[in-house]
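Take a look at the structure below.
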Amino acid sequence: MEEHPGRGAPTLDLVFVYGSLKRGQSNHHLLATARFEGEAQAPGLSLHDLGPFPMAIAAAPSETGSATDPETVPVSGELFAVEAETLERLDRLEGVPRLYQRQRLVLLDGRLAWVYLGQPHQVRHGPRLAAGCWPALLLLLSALLGALAPASLRADTGLAACNRWQRSQGVSRIELGNQIGAAHYLTKLQRLQQSPPQAPVALYAASDLQRACDNAR
């Protein structure tokens, strides 16, 4: 944003992020020039895991008629001060207003910030994250254990497995594809579907598996 004579520095907006825009996550590069304002929490929301990213929605009223579900914990995230151009880039990433709506909310510490929220119908197949934090602890532990595993074990879901998957057919191809998809945290064709050992079914799209294998080369 350009500075205007007599107006000082550009105006900055506070944005609360809780998913792939956080530090260390895949889309944080869009906030590379933003000023980090610390960790924060947003009350009155319900956080759901959609696989590659989470979605927060306004918490549903409880049966007692209170404004929010009393069991809902605040959503944990990070706060950044951004310029107008950065906010526009974030809107494009979040698909505003089709996928997310950008709304102002009062955080637990009293600060007012923009937050990207979805609608209840968008999270009907996504499990609620009771701890109010994404990625879930189990996902973080899985990634850590994978990083600490011997290279010989990790390779089985890497290039070697990809080569076997591309040469295989039938049940072997399905089972190898499911192993690769799980190892690379790909999005399933059907969110909660499982593959029974006695009758394996493909859980991931072949095109997604091929992209994962191409990245492994």
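Taken together, the values in this text are just the output of simple stated rules run on the coordinates, not laboratory data. What you are looking at is a predicted structure, and each value in this text was computed from that prediction instead of being measured. Counting neighbours? That spans all protein chains shown, and the Cβs are built from the backbone with ideal geometry, glycine included.
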Note to self: Which residue, GLY132, VAL96, VAL17, has the largest displacement toward the positive end of the dipole of region 13-134 when charges sit on each Cβ (Lys, Arg +1; Asp, Glu -1)?
What the structure shows: VAL96
Next item on the list: Could you please rank GLU83, GLU88, GLU94, placing first whichever residue has the fewest other Cβ atoms within 10 Å of its Cβ?
Entry: GLU88, GLU83, GLU94
Margin query: Output wanted: per-residue J couplings in Hz (rounded whole) for region 96-101, from phi through Karplus 6.51 cos²θ - 1.76 cosθ + 1.60, θ = phi - 60°, x for Gly and Pro.
Written below: 6, x, 6, 8, 10, 10
